[in-house]
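Asker: Just dropping this structure here.
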Amino acid sequence: EQDQVNGLQNMVVVVDEANSDTAYQQLETQLETLGARWANVCKWVEEQWVNLQERLAKYQLYSDQQRSFSDWLGEKEEVLARMRLTDMGDINEVIDQVRHLKNLENEMDVQVQRFEELNDRGADLVALLGNDPIVVETINGQLQEFQERWDNLVQQMEYQSKGIAHSGIDLKIMKSPG
């Protein structure tokens, strides 16, 4: 489109000779005005493009982090679900559970930072896209679901820990790492 507009610079206009000076001046004024308006439109479009690219980058980053965090939560939910099926009378399985819970606790210490970053990115998007209620509702819903899944993960860990504590197995036999 811009090439076509630029091509108008070399256009030929046929003007009635009787009014040629005035018609020429009017046409020149109109073309200058049109050129200025077109330049403003082009500038606005470029600004909007940059704005959209920034929003897209922020949304993609949020989306990638959201997917990664959801996958991590899913994996840990599965681990805890399998742990519920463990025979608490088997010392080796109980020791395995203790190790799994300790590893999960260590991972959660790291993941809490990712969860906070995800919440911050979501809040940034909500602030940026606040005029789109569907997007705001979607992001808030996702963050609320993550909070609920996180809380459930903590509850399941506590449940498993209590089950181990009540198993009657002496965990002092476990060697501490290192």
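The values are calculated or read from the model by the stated rules, or taken from the named source; none is laboratory data. Everything numeric in this text was worked out from a predicted model, so none of it was measured. Backbone-built Cβ (ideal geometry, glycine too); neighbour counts: all protein chains shown.
Asker: Does the range 77-92 hold any residues that are part of a loop (DSSP other than H, G, I, E, B) and under 37 Å from the mean Cα position of the chain (by Cα), and which are they?
Answerer: Listed by number, the residues that qualify are R84, L85, T86.
Asker: Any residue at all in the range 44-62 that's of a type in the set (F, W, Y), within 21 Å of N140 (Cβ to Cβ) and under 23 Å from the mean Cα position of the chain (by Cα)? Give the steps one after another, and end with the answer.
Answerer: Step one: filter the range 44-62 for residues of a type in the set (F, W, Y), giving 44, 49, 59, 62.
Now restrict to residues that are within 21 Å of N140 (Cβ to Cβ): 59, 62.
Checking the rest, the ones that are also under 23 Å from the mean Cα position of the chain (by Cα) come to 59, 62.
Yes, that holds for at least one residue.
Asker: Looking at I134, I95, I139, which is the one that is of a type outside the set (S, T, N, Q), modelled with pLDDT under 90, more than 17 Å from L153 (Cβ to Cβ) and part of a helix (DSSP H, G or I)?
Answerer: I95
Asker: Something else: Based on what the data block shows, is K162 basic (K, R) and either in a loop (DSSP other than H, G, I, E, B) or surrounded by 16 or more Cβ atoms within 10 Å (Cβ to Cβ) (or both)?
Answerer: Numbers: basic (K, R): yes; either in a loop (DSSP other than H, G, I, E, B) or surrounded by 16 or more Cβ atoms within 10 Å (Cβ to Cβ) (or both): no.
Judged against the criteria, K162 is not a match.
Asker: Tell me, please, whether a residue that is within 23 Å of I164 (Cβ to Cβ), touching a Leu at 6+ places or on another chain (Cβ under 8 Å) and part of a helix (DSSP H, G or I) can be found in the range 106-123.
Answerer: The answer is yes; a qualifying residue exists.
Asker: Which of the following residues is farther than 22 Å from R67 by Cα and among the small types (G, A, S): A81, A165, A127, A123?
Answerer: None of the other options fit; the residue is A165.
Asker: Out of all the residues in the range 115-147, which are acidic (D, E) and under 15 Å from L56 (Cα atoms)?
Answerer: Matches in the range 115-147: D124, D132.
Asker: Something else about it: Which pairs turn up if I take residues in the range 112-137 that are loosely packed, with under 15 Cβ neighbours inside 10 Å and look for partners that are among the β-branched types (V, I, T) with beta carbon separation below 8 Å, at least 6 apart in sequence or on another chain?
Answerer: G130/V136
Asker: Tell me yes or no: at least one residue of the range 47-67 is touching a residue at least 60 places away in the same chain (Cβ under 8 Å) and hydroxyl-bearing (S, T, Y).
Answerer: To start, the set of residues in the range 47-67 that are touching a residue at least 60 places away in the same chain (Cβ under 8 Å) comprises 55, 58-59, 61-62, 66.
Filter again for hydroxyl-bearing (S, T, Y), leaving 59, 62.
Yes; the residues of the range 47-67 include at least one that is touching a residue at least 60 places away in the same chain (Cβ under 8 Å) and hydroxyl-bearing (S, T, Y).
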